[in-house]
Amino acid sequence: MEDSFLSDLNLSAKITDALCYAEQVLAKQTCIINPIIEKNHQRVLKAFQEARVSAYNLNGTTGYGLGDSGREKLDTVTASIMGTEKAIIRHQFVSGTHAIASALFGVLRPGDHFISVTGMPYDTLQQVIGIKNNISGSLADWGVSFDILPLDADSQIQMEKLAAMVTPQTKLFIIQRSKGYEWRNSVSIAQISEFVGYAKTHFPEIDIFVDNCYGELVEDQEPGHVGVDLLAGSLIKNLGGTLAPTGGYIAGREDLVTKAAARFTAPGINADVGATLDNLRLMYQGLYFSPLTVSEAIKAAVFSSAFWSRLGFEVHPGPKDLRTDIIQAVKLNSKEKMLAFCQGLQKGSPIDSHVLPLPSEMPGYTDEVIMAGGTFIQGATSEFSADGPIRAPYAIYMQGAISHIYVKNANLSAAQMLEQNHLL
């Protein structure tokens, strides 16, 4: 059957060799991945059972959404999974950036100062902060100041340099767990735990926030389990389980989540109002399935890393590296290769496989971005997508998978596209 599968794809010897190598690597790595994912399955199941979720809770509300027990219980389940006192999980969040912005604006006030301890934040968050352009409504526009502490050459937080940056106005340390569009290691739970221990000892009055996008359920703990005060993320990434049609979450210490909820809705309304419409079942179901879809995404990333490294490309993380998020980067070193790569991936998608991805401007990004991924939910990186800014080192960042088998086929399609254009 395997030989028939390969012959049907009409692969060259070079691509066939990379495919076989990647499958061998994945088979070995699966033995490491599965125990972590099984633990996360159990944690999610226990959260549902302890909250006593019932069929009644799957029905949504309209209007103000007063007395929505399904919404309230979903918050409880999310807090339990994230290891926090409280959480809000809402379809009204338009993106992970929206959830993060609500958290930051909720807990920071004019005159406050915060420090990004993992270097330059992700492109869209730079706009929220006001790093490059002090746009109207940014944190900088509201009089919130900031500093950036770069990671060291080994992607470690430079804790010994914090004292020189902290001021009496410093209220928050922020950590971006994922690498974003940077060619570096993502920040592991072990690193976050070490930072929490240091910061709570030396700066106990300063809270810690984690941008948790792409990291949920990859390791067997979340930032909330190691003492982080507040975290946020998107539902069209890991926690949505490929089913949540939109949305995001904020989780953490009860007083901080309440402040963030007041920013998300309005002071006094907080998390007590908001119709869930027809979204509750999909959000519950997506949350329940998320350990499975995250495991598929990790397997897809391992396969992709091994496949492209075998074809001679620099990859990050490497095929055998431990993972803390679902992102897999491939360095292509030219715009032409980026275009061919994404156009080949798009051909392997279930939706819009006939569409040709091209670079374009996107809200919140300073460079043109090319994106591939025909997804059932627009832009859902939980399903599978690949994107990257058109700038050196011309790297593509892949994430997600409903099934790692589909991602394997998309990679083969991308390799064939590069080969056809004499770029492999």
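The values are calculated or read from the model by the stated rules, or taken from the named source; none is laboratory data. Predicted model, so just to flag it, every value in this text is computed and none were measured. FYI the Cβ positions are ideal-geometry reconstructions off the backbone, even for glycines, and counts take in every protein chain you see. Ligands, DNA and RNA are excluded from the accessible area calculation, which covers all protein heavy atoms including side chains. Shrake-Rupley method; radii C 1.70, N 1.55, O 1.52, S 1.80 Å.
Points to keep in mind about this one:
- Heavy-atom accessible area order for HIS404, HIS113, HIS202, HIS41, largest first, 1.4 Å probe: HIS202, HIS41, HIS404, HIS113
- Taking HIS422, HIS316 and ordering them by how much accessible surface each has at a 1.4 Å probe, largest first, produces HIS422, HIS316.
- Largest GNM mean-square fluctuation across ASP152, ASP272, ASP141, computed for the chain with C-alpha springs under 10 Å, falls on ASP152.
- Sum of side-chain charges, LEU423 neighbourhood, beta-carbon under 9 Å (Lys, Arg +1; Asp, Glu -1): -1
- When the range 2-92 is described by a simple charge dipole with +1 on each Lys and Arg Cβ and -1 on each Asp and Glu Cβ, the residue from GLY67, TYR21, TYR56 located farthest towards its positive end is GLY67.
- Solvent-accessible area assigned to carbon and sulfur over the chain amounts to 53 percent, based on a 1.4 Å probe.
- On Cα atoms only, tilt of 189-202 relative to the major axis of the chain in degrees: 30 degrees
- Over the chain: helical MRE at 222 nm, DSSP H runs n ≥ 4 each giving -39500 (n - 2.57), nearest 500: -13000 deg cm²/dmol
- Taking a ≥ b ≥ c as the square roots of the eigenvalues of the alpha carbon gyration tensor, the range 110-186 is oblate, as a/c is not under 1.5 and a/b does not beat b/c.
- Per residue, the chain exposes 41 Å² of accessible surface when a 1.4 Å probe is rolled over the protein heavy atoms with every protein chain present.
- Cα-based shape type of the range 238-313, given that a ≥ b ≥ c are square roots of the gyration tensor eigenvalues and the cut on a/c is 1.5: prolate
- TYR64-GLU85 FRET efficiency (beta carbon distance; Förster radius 22 Å; 0.05 resolution): 0.30
- Accessible-area rank, largest first, for PHE289, PHE203: PHE289, PHE203, with all protein chains present and a 1.4 angstrom probe.
- Cβ-Cβ FRET estimate between PHE376 and HIS202, R0 fixed at 45 Å, reported to 0.05: 0.45
- Local electrostatic count at ASP229 - Lys and Arg +1, Asp and Glu -1, tallied over other residues with Cβ under 14 Å: -2
- Here is the list for the range 289-320: trypsin sites (Lys or Arg not before Pro) lying in DSSP coil, each with at most 12 other C-beta atoms within 10 angstrom of its C-beta, are LYS320.
- Potential lengthening between SER353 and HIS422 on full extension [0.36 nm per residue; Cα-Cα distance subtracted]: 22.7 nm
- Multiplying the residue separation of ASP152 and LYS46 by 0.36 nm and subtracting their alpha-carbon distance yields 34.3 nm.
- For GLY274, net neighbour charge (Lys/Arg +1, Asp/Glu -1) across residues whose Cβ lies under 15 Å away: -1
- Once the Cα atoms are used to define both axes, helix 335-347 deviates from the longest principal axis of the chain by about 90 degrees.
- Too-long pairs where the Cα-Cα distance tops 31 Å, listed order kept, from LYS179/LYS259; LYS86/LYS347; LYS86/LYS132; LYS28/LYS237; LYS171/LYS320; LYS161/LYS408: LYS86/LYS347; LYS86/LYS132; LYS171/LYS320; LYS161/LYS408
- Along principal axes, Cα extents of the range 293-424, largest first, whole Å: 33, 32, 28
- A full extension of the chain between GLU368 and THR30 corresponds to an added length of 118.1 nm, given 0.36 nm per residue minus the alpha carbon distance.
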